[in-house]
Amino acid sequence: MKSFQTQFFLTPIIVAFLYIFQIGNIYAQWVWSDPLPLTNNSGWNHRNVDLIPAGNNNVWIAYEKYTDTLSTSIYIQEILNNGDPIEIISGETVHYSNPKFFSHYSFNQTDTSFFLFFETSENGNKDLNYIAYLNNGEILGPFPFFNTVGDEYDLDLSFYDPRLIWISDGNLMRSKYQFQNGGFVFTDPIILDSGNCLNPKISEMDIFYIKQTDSTSYIYEYSSEKAEKDIIFDQGYAVNLDKDGLGMPYLTWSAKTDNLWYLYTWNPWLGYSPQFEYNTIPYDPAICSFQIGSKSSSLMDDIYLAFPYDTAGNQEIFMNLEPGNPNFINFSSSETMNRNPRSFYGEPYGYACFYGYMIWESLQDDRWQFYYSKILMCVGGVEENESDESFIQVSPNPFSRELNISYVLDNRSKVKIEIADMYGKVISTLIDEPQNKGKQSIYWSPSQEIANGVYFIILRKDNEIFSQKIIKSD
């Protein structure tokens, strides 16, 4: 990696609230691996990657392959065990594009490993299809997904989230994968917003998207809890909206304001914040969060940002190697063109650790290939990261059917308690209301659908956050 740096100065507005992931104390802290090729050249171009961990220590990627502008094919590949590329679908003069993995807890009781969605042009417009990939390697499908005579595209979903969102002729649509009439099905789609919608993203519980006219391009939030929408950004012409690939409620995008392109970040506690400006072309940024298991009474930076940036006649991926550090270095250091960085969470490591990935496209020998870097992240409770006594008391731990959670409030406080899995995904909200001073207790009885493993209690008390690791073991 080249040693020179390009430095940008973050604005005085702090951009992120301490939330979920923390680099482990046992393992190397804040260390991204050196960039390595993820795919070989073999005469093909590669683009639009997605990634999913899928049992038995497997990590799959899905991507497009193409040699010309007439057609694109969809491939998958298991990368931890150096699996060979598997062609999912291809066809002459047909574009199969934008693959997206979908998994669900119900798959644990079936022979299905995952679904893979993709766009297709085979009917002369844009449609959404999907295949089922079985544990034995068999592929079922493709199956159509609520296609119309118009265009369906821009599908987004999240790991183990039952919701799927997409655009249908400019309308924002949603379906859910849920149990009905004796089996799991995709529910009939509903329209969340009509007209001029694009670039939708699911981030934690809410849905975000751009709504564009000839002169404006604003970012909206659709609240699943309130079933209503609201503008979160209207101070410029927004493009390239992206979410944190590790599942936290962080966003990033580029927007033109006063004839300058700025890179923005957003979180639900502070709103949006401009990071730095660039006056010729918009950024195409990726965002990656970290940290869990600390108590906080202040706001602090806890994100990595990656984006293509022109330097020495090339376009390199620049990234801050430490969260909150305003030095963005030439991370790809490839002396060629690079584009489309995206963050993902990958395979678990032990009980409380996992790997985060940053993947981008790099032009090698006139062909676009994937390069990647990964970082080990570990999670833990307050008592593991601070010397003071744990604020949250739980019993029993490990638990089987029911867990008692207790804590003492010094004064009347707004309290929110959530249960998150080891990837940081919130699976249950136990309480979200003001509570009086004194000792408080609450019971959690998880459904039988909750698998054995490591989970975390996330307790917010006014402006403080506490967490506690728990283990479910039947």
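The values are calculated or read from the model by the stated rules, or taken from the named source; none is laboratory data. Please read these numbers as outputs of a predicted model, since none were measured by experiment. When we count neighbours, we look across all protein chains shown, and the Cβ atoms used for this are built from the backbone with ideal geometry, even at glycine.
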Going through (1) buried (at least 17 other Cβ atoms within 10 Å of the Cβ); (2) free of Cβ contacts under 8 Å to residues at least 24 places away in the same chain one by one, Ile52 fails only at (2)
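So which residues in the range 425-474 are small (Gly, Ala, Ser), under 12 Å from Arg401 (Cα atoms) and touching a residue at least 60 places away in the same chain (Cβ under 8 Å), if there are any at all?
Correct list: Ala451, Ser473.
For Ser175, are the conditions met, namely being crowded, with 19+ Cβ neighbours inside 10 Å and either touching a Leu at 6+ places or on another chain (Cβ under 7 Å) or under 29 Å from Leu241 (Cβ atoms) (or both)? It would help to see each step written out before you state the result.
On the way: crowded, with 19+ Cβ neighbours inside 10 Å: yes; either touching a Leu at 6+ places or on another chain (Cβ under 7 Å) or under 29 Å from Leu241 (Cβ atoms) (or both): yes.
In short, yes.
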Can you work out which of the residues in the range 55-95 that are out of contact with any Lys or Arg (no Cβ under 7 Å at 6 or more places or on another chain) and among the charged types (D, E, K, R) is nearest to Asn125 (Cα to Cα)? Glu92
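Would you tally the residues in the range 256-290 being in a strand (DSSP E or B) and either within 21 Å of the chain's Cα centre (by Cα) or over 22 Å from Asn338 (Cβ atoms) (or both)?
17
Determine whether the range 191-212 contains at least one residue that is hydrophobic (A, V, I, L, M, F, W, C), within 16 Å of Trp166 (Cβ to Cβ), without any contact (Cβ under 8 Å) to a residue 24 or more places away in the chain and touching a strand residue (DSSP E or B) at 6+ places or on another chain (Cβ under 6 Å).
Here is the first cut: in the range 191-212, the residues hydrophobic (A, V, I, L, M, F, W, C) are 191-192, 197-198, 202, 205, 207-208, 210.
Subset that is within 16 Å of Trp166 (Cβ to Cβ): 191-192, 197-198, 202, 207-208, 210.
Of the ones still in play, those that are also without any contact (Cβ under 8 Å) to a residue 24 or more places away in the chain are 191.
Checking which are touching a strand residue (DSSP E or B) at 6+ places or on another chain (Cβ under 6 Å) leaves us with 191.
Yes, because at least one residue in the range 191-212 is hydrophobic (A, V, I, L, M, F, W, C), within 16 Å of Trp166 (Cβ to Cβ), without any contact (Cβ under 8 Å) to a residue 24 or more places away in the chain and touching a strand residue (DSSP E or B) at 6+ places or on another chain (Cβ under 6 Å).
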Residue satisfying all of: in the range 89-105; crowded, with 19+ Cβ neighbours inside 10 Å and touching a Leu at 6+ places or on another chain (Cβ under 8 Å); nearest to Phe184 (Cα to Cα) among these: Phe102
Select from the range 194-206 the residues that are buried (at least 19 other Cβ atoms within 10 Å of the Cβ) and at pLDDT 95 or above and list them in ascending order. Cys197, Asn199, Pro200, Lys201
